[in-house]
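Visitor: My questions will all concern the structure given below.
Coordinate-derived values only; no laboratory data. Predicted model, so just to flag it, every value in this text is computed and none were measured. Cβ atoms come from the backbone with ideal geometry, glycine included; neighbour counts cover every protein chain shown.
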Amino acid sequence: MRLVFMGPPGAGKGTQARIVGVRCGIPQISTGDMLRAAKAEGRLPSDLVGRMAAGALVPDAVVISLIDERTGKPDCADGFMLDGFPRTVPQATALQALLEASGLALDHVIAIELPRSLLIERAVLRRTDKRTGQIYHLKYSPPPPGADLEHRADDREDVVAKRLDTYEAMTADLLPYYEDLGILRRIDGVGAVDEVTARVLHALGLD
Ligand code: AP5
């Protein structure tokens, strides 16, 4: 199974991709996580650190090269789940070319949809455990005592608003691209995590 999880910041892509990835036995690949890991290790050029902190996208070539390298690893042989990639039509066409070169194709693109007011609340109150990568929410899924929590630099309310604007501008072309290929599955992201998971599994024919 080769899947893409799309959706605005805070929609629950990472949360759902982790759960569904375990269920399907395929790796979850998040370009956001890869970029943050590169930043934590001091490997991300300062102009890209600045772009991420300001809520802007990094250049297509950077993320395409990350995905090219990562999806070539042995654990992706039986499938993978992309979280937050592609975000632009050039990224989508690059992914398609990459897959076609190996005689492969995407099976489904899951687009999680949510009203803007809920997205802001979800992102601003998100906390991530630095050690495990587990995603928590101060209101909806509070972290256990002792968790080593991180508040993402781009989860400040003004930066989240900028990221949402960027997403809306970018998906204007990307959603129709996948709709035309007949593989887009729109998922209502309102509700508890397990309710949304049930909708995703149903859309994938896994319920
Ligand atoms: P990235 O890390 O991909 O961020 P994002 O797309 O903005 O998405 P988020 O991680 O904010 O949200 P999510 O949908 O995963 O939600 P989550 O599951 O955590 O990208 C960051 C930056 O990297 C970009 O701005 C850009 O600069 C760069 N970048 C990355 N990919 C790129 C690309 N392809 N091209 C160019 N640049 C790129 O959930 C959010 C919160 O809600 C959590 O607290 C969670 O616990 C909670 N929650 C989740 N589901 C529910 C629920 N059902 N009910 C209640 N709470 C819930």
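Visitor: Using 7 Å Cα-to-Cβ label points, what is the ALA61/GLU168 separation (nm, one decimal)?
Guide: The two pseudo-label positions are separated by 3.1 nm.
Visitor: Tell me what the chain gives for mean residue ellipticity at 222 nm when only DSSP H runs of n ≥ 4 count, each as -39,500 (n - 2.57), the sum divided by the residue total, rounded to 500 deg cm²/dmol.
Guide: Numbers: 8 runs with 99 residues, N = 207.
After summing the helix terms and dividing by residue count, I get -15000 deg cm²/dmol.
Visitor: Taking the simple approach of a point 7 Å from Cα along Cα-to-Cβ for both ASP107 and ALA37, what is their distance in nm?
Guide: 2.3 nm
Visitor: Let me ask you something else. Would you mind counting up the charge near LEU149? Only other residues with Cβ under 15 Å from its Cβ, with Lys and Arg at +1 and Asp and Glu at -1. Could the numbers behind the result be given before it?
Guide: Details: positive: ARG36, ARG126, ARG127, LYS130, ARG131, LYS139, ARG152; negative: ASP129, ASP148, GLU150, ASP155.
Once positives and negatives cancel, what remains is +3.
Visitor: Under the 0.36 nm per residue contour assumption, what length would be gained going from the current alpha-carbon distance of ARG186 and ARG131 to full extension? Numbers along the way, then the final one.
Guide: Details: separation 55, 0.36 × 55 = 19.80 nm, distance 3.23 nm.
Working it through step by step, the gained length comes to 16.6 nm.
Visitor: Please give the length that would be gained between ASP47 and ASP148 if that part of the chain were fully extended, namely 0.36 nm times their separation in residues minus their C-alpha to C-alpha distance (nm, one decimal).
Guide: Details: separation 101, 0.36 × 101 = 36.36 nm, distance 2.78 nm.
Gain on stretching ASP47 to ASP148: 33.6 nm.
Visitor: Quick check on the range 2-203: of the DSSP beta bridges with both residues there, what percent are antiparallel, nearest 5%? The partial results should precede the final answer.
Guide: Details: 6 of 22 bridges.
The answer is about 25 percent antiparallel.
Visitor: While we're on this one: Take the alpha-carbon centre of the range 1-42, take the same for the range 128-183, and report the distance between them in whole Å.
Guide: Measuring centre to centre over Cα atoms gives 10 Å.
Visitor: Please work out the Kirkwood hydrodynamic radius for the chain, using every pair of different C-alpha atoms, and report it in angstroms with one decimal place. Spell out each step's value before the answer.
Guide: Values: mean 1/r = 0.0573 Å⁻¹.
One over the average 1/r among Cα pairs gives 17.5 Å for the chain.
Visitor: Expected output is a single nm value to one decimal: the length gained when fully extending between GLU69 and LEU138, i.e. 0.36 nm times separation in residues minus the C-alpha distance. What is it? Working shown, then result.
Guide: Numbers: separation 69, 0.36 × 69 = 24.84 nm, distance 3.48 nm.
The GLU69-LEU138 span can extend by a further 21.4 nm.
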